[in-house]
Amino acid sequence: MNRRLTFTAIFLSLCISSLAQESIVRYDDSVHPVIAAKGSWIVGGTAALTGHDNANYNFAVVSGINSVGFRVSVAPEFCWFLRDNLGFGAKVGYGRTMLDAASGSIDFGSISLGVKDFYTISQDVSLTAFMRYYLPIADSERIAMYVDAGLQGVWGHSKESDAHTGAIVGTWQDKWKAGLVVNPGIMAYFSKHVAVFASLGMAGLCYGRVSQVHNQVDSGSRGSFTMSYMLDLTSLNIGLDFYIGKK
């Protein structure tokens, strides 16, 4: 959480710096600032890596946590501008998560729940085709709000098992979902062709399905439909974009 707050503070500082570099001019509504000119390209994306290593760690009602884990993700993107400030592009994402929990327990008075030798690993691939529109702030050509709206598909696979006994037991799952997504954001140039951006996954309309096999014998499935509209700071993405062509 502290790292997320630090990245947010750095991003806000860059935005303020960009506004300070703008010359003060008389407002003219006939002038439309150009953030990305017609025919230009964007190449950029996000990348993240998190990890933990708990040794007999206690947190609130959870005690005796012994676990290791990580999450790595990358999401390159490109966008071509058909008109000034209006572009079409695609984003490809890949993520991999691992959790190996040797032990841990949760105590609620007379109720106690424990975890032992739990291991899970999963990976997911996503593809998003989107339309992006920039909304310059005031007369600035260095900082703007933007909205990405498009179609997204996600496929994933996960395995939950006992990694310490060697027994072939556990649950294997294949997951997929598809739908419409809307992601608002803000960007700021800190050089002529490089910008930093932050975006939030705010709204979506998705359908997903999970197919699973338990202990290589039993099978099951689950379908889900979600429609969301919210501001969730856990979906905050901060990254870099490189603009190719005339700005």
The condition of being modelled with pLDDT of 90 or more and either not in a strand (DSSP E or B) or not polar (S, T, N, Q) (or both) holds, among I35, I65, only for I35
Residue count, segment 204-227, condition surrounded by 14 or more Cβ atoms within 10 Å (Cβ to Cβ) and modelled with pLDDT under 70, comes to 0
All conditions in (1) at pLDDT 90 or above; (2) under 30 Å from S140 (Cβ atoms); (3) among the polar types (S, T, N, Q) are true of S18 except (1)
Just one listed residue, out of G114, G156, is part of a strand (DSSP E or B) and loosely packed, with under 15 Cβ neighbours inside 10 Å, and it is G114
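Residue under question is A149, and the condition is that it be small (G, A, S) and at pLDDT 90 or above; does it hold? So that I can check it myself, show each step before the final result.
Numbers: small (G, A, S): yes; at pLDDT 90 or above: yes.
Yes.
Please find, among A138, A129, the residue that is outside any strand (DSSP E or B) and under 30 Å from N85 (Cβ atoms).
Just one listed residue meets the conditions, A138.
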Check: Is there a residue being exposed (fewer than 15 other Cβ atoms within 10 Å of the Cβ) and not in a strand (DSSP E or B) anywhere in segment 86-103?
Finding: no
Of (1) in contact with a Phe, Trp or Tyr (Cβ under 9 Å, 6 or more places away or on another chain); (2) at pLDDT below 95; (3) within 30 Å of D162 (Cβ to Cβ), Y57 satisfies every one except (1)
Note: among I143, I121, I186, just one is surrounded by 14 or more Cβ atoms within 10 Å (Cβ to Cβ), of a type in the set (A, V, I, L, M, F, W, C), at pLDDT 90 or above and under 17 Å from the mean Cα position of the chain (by Cα), namely I186
Fill in: Test result for G69, more than 25 Å from A198 (Cβ to Cβ) and surrounded by 16 or more Cβ atoms within 10 Å (Cβ to Cβ)
yes
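The values are calculated or read from the model by the stated rules, or taken from the named source; none is laboratory data. Here the structure is a predicted model, which is why all the values come from computation and not from measurement. In this analysis, Cβ positions are derived from the backbone assuming ideal geometry, glycine residues included, and neighbour counts consider all displayed protein chains.
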